[in-house]
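K.L.:
Quick one: the structure is below, questions incoming.
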Amino acid sequence: MKIILRLVLILTLLAAAIASYSAGISSGVFIFIVLGFLFEAGFWSGLFPTSRRGKKVNIG
């Protein structure tokens, strides 16, 4: 279930980015382009998550 929810969220962010870019280019409103950039950043960060493991660094 977690994988399906993640996939839906990623595809929704991609669709929102494309729609925002489209609206920004056709209407000339810069805020839509900024929103598109934010949605795209969310898409890419959701696609490639950072794995955080609790590795300890041995010093000395």
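K.L.:
Name the pairs whose Cβ atoms lie under 6 Å apart, with the first residue in the stretch 24-47 and farther than 15 Å from Leu9 by Cβ, the second aromatic (Phe, Trp, Tyr) and surrounded by 17 or more Cβ atoms within 10 Å (Cβ to Cβ), and 6 or more positions between them or separate chains?
P.N.:
Final answer for the pair search is Gly24/Phe32; Gly36/Tyr21.
K.L.:
Follow-up question, since we're still on this one. Only one of these conditions is not met by Ser22: (1) in contact with a helix residue (DSSP H, G or I) (Cβ under 7 Å, 6 or more places away or on another chain); (2) of a type outside the set (A, V, I, L, M, F, W, C); (3) modelled with pLDDT of 85 or more. Which number is it?
P.N.:
(1)
K.L.:
Would you check if Gly36 is surrounded by 15 or more Cβ atoms within 10 Å (Cβ to Cβ), at pLDDT below 85 and under 26 Å from Ile4 (Cα atoms)? First the steps, then the outcome.
P.N.:
Working: surrounded by 15 or more Cβ atoms within 10 Å (Cβ to Cβ): yes; at pLDDT below 85: no; under 26 Å from Ile4 (Cα atoms): yes.
In short, no.
K.L.:
Something else now. For Lys56, all conditions in the list (1) outside any helix (DSSP H, G or I); (2) at pLDDT 85 or above hold save one; what is the number of the exception?
P.N.:
(2)
The values are calculated or read from the model by the stated rules, or taken from the named source; none is laboratory data. Just so we're clear, the structure is a prediction, and the values are computed from it rather than from any experiment. For neighbour counting, all protein chains shown are included, and Cβ atoms are generated from backbone atoms with ideal geometry for every residue, glycine included.
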